[in-house]
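Undergrad: The structure under discussion is supplied below as structure tokens; questions concerning it will follow.
The values are calculated or read from the model by the stated rules, or taken from the named source; none is laboratory data. Just so you know, these numbers come straight off a predicted model, no measurement behind them. Cβ placement follows ideal geometry from the backbone for every residue including glycine, while neighbour counts extend to all protein chains displayed.
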Amino acid sequence: MKKINMNINRTLTLLFFVLTSLTSLAQEYKTNIKQRFTEFNQYMVKGEFNKSMDYIPEAIFTIVPRAEMVKMFEQLLKNKDMEVKFIGFDIKEIADVRKIDTCYYAKIKYISAMTLKMKISDTETADEKSTRLSMTKEAFANTFGSDNVKLDELTETFTINPIKNSWAISKDGKTAWKFVNIEPKQRLIMEKVLPKVLIEESIN
């Protein structure tokens, strides 16, 4: 009886060790994803777009060259008609990793925050201003969802906080994670880096 109890205790100890190890490994890759995703977004917020490109899969640059993508973001911030600022982000969930073919994938759900303010001439009337703000808010609401768009009428600044999804991609499932956003209108880009099953799952 004593021997049986010892065997049971040994088995339970081994089981606890295995489960703890698996949990630790899961937390390790999720921690790495969070760290890399944070670095990526911090570069975006600071306007260091060339550095942020290091966190995007190289295959995407066969569609839009790296230098051209950097230029697009820089032009966005220098837009003469609108003042755009990336504020930050908040990760809500990192799904368990999945291996498909030779790569590992983990889905990230997050909130991306930005502000937009139209640059308008001083000759605009009160009615024109009211109409412009109303139409702009409606346009943003149709794109990002009404709950994700706020307007500060005093400063005429829109704050947009859409819930977004991205796929983290790694060759070893542990390090060097890179990211691609899930955007139905950018299917061509997603097809360069994501398996068909993940694309269909993401946009349907």
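Undergrad: Filter the stretch 131-159 down to the residues that are among the hydroxyl-bearing types (Ser, Thr, Tyr) and either at pLDDT 90 or above or in contact with an Asp or Glu (Cβ under 7 Å, 6 or more places away or on another chain) (or both) and list them by number.
TA: Scanning the stretch 131-159 gives 131, 134, 136, 146, 155, 157, 159.
Undergrad: Among the listed residues 117, 85, 99, identify the single one that is over 30 Å from residue 201 (Cβ atoms) and touching a Phe, Trp or Tyr at 6+ places or on another chain (Cβ under 9 Å).
TA: Going through 117, 85, 99 in turn, the sole match is 117.
Undergrad: Would the stretch 54-62 turn up any residue that is of a type in the set (Gly, Ala, Ser), in a helix (DSSP H, G or I) and buried (at least 17 other Cβ atoms within 10 Å of the Cβ)?
TA: The answer is no; no qualifying residue exists.
Undergrad: Restricting attention to the stretch 183-204, which residues are closer than 28 Å to residue 81 by Cβ and either acidic (Asp, Glu) or surrounded by fewer than 12 Cβ atoms within 10 Å (Cβ to Cβ) (or both)?
TA: 183, 184, 185, 188
Condition check ((1) among the hydrophobic types (A, V, I, L, M, F, W, C); (2) over 17 Å from the mean Cα position of the chain (by Cα); (3) more than 22 Å from residue 183 (Cα to Cα)) across all residues:
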position	(1), (2), (3)
62	no, yes, no
73	yes, no, no
110	no, no, no
117	no, yes, yes
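Undergrad: Within the set of pairs 6 or more residues apart or between chains, which connect a residue that is acidic (Asp, Glu) inside the stretch 158-185 to a residue that is at pLDDT 95 or above with Cβ atoms less than 8 Å apart?
TA: Pairs found: 172/104.
Undergrad: To continue, here is another question. Does residue 180 satisfy being of a type in the set (A, V, I, L, M), within 17 Å of residue 110 (Cα to Cα), surrounded by 18 or more Cβ atoms within 10 Å (Cβ to Cβ) and over 14 Å from the mean Cα position of the chain (by Cα)?
TA: Considered against the rule, which asks whether it is of a type in the set (A, V, I, L, M), within 17 Å of residue 110 (Cα to Cα), surrounded by 18 or more Cβ atoms within 10 Å (Cβ to Cβ) and over 14 Å from the mean Cα position of the chain (by Cα), residue 180 comes out as no.
Undergrad: Sticking with this one: Mind checking which residues of the stretch 174-204 are small (Gly, Ala, Ser) and under 13 Å from residue 164 (Cβ atoms)?
TA: 202
Undergrad: Looking for something surrounded by fewer than 17 Cβ atoms within 10 Å (Cβ to Cβ), over 16 Å from the mean Cα position of the chain (by Cα) and either of a type in the set (Val, Ile, Thr) or farther than 17 Å from residue 58 by Cα (or both) - is there at least one such residue anywhere in the stretch 161-171?
TA: No.
Undergrad: Within the stretch 63-92, can you find the residues that are in a helix (DSSP H, G or I), among the hydrophobic types (A, V, I, L, M, F, W, C) and over 22 Å from residue 193 (Cβ atoms)?
TA: Selection gives 76, 77.
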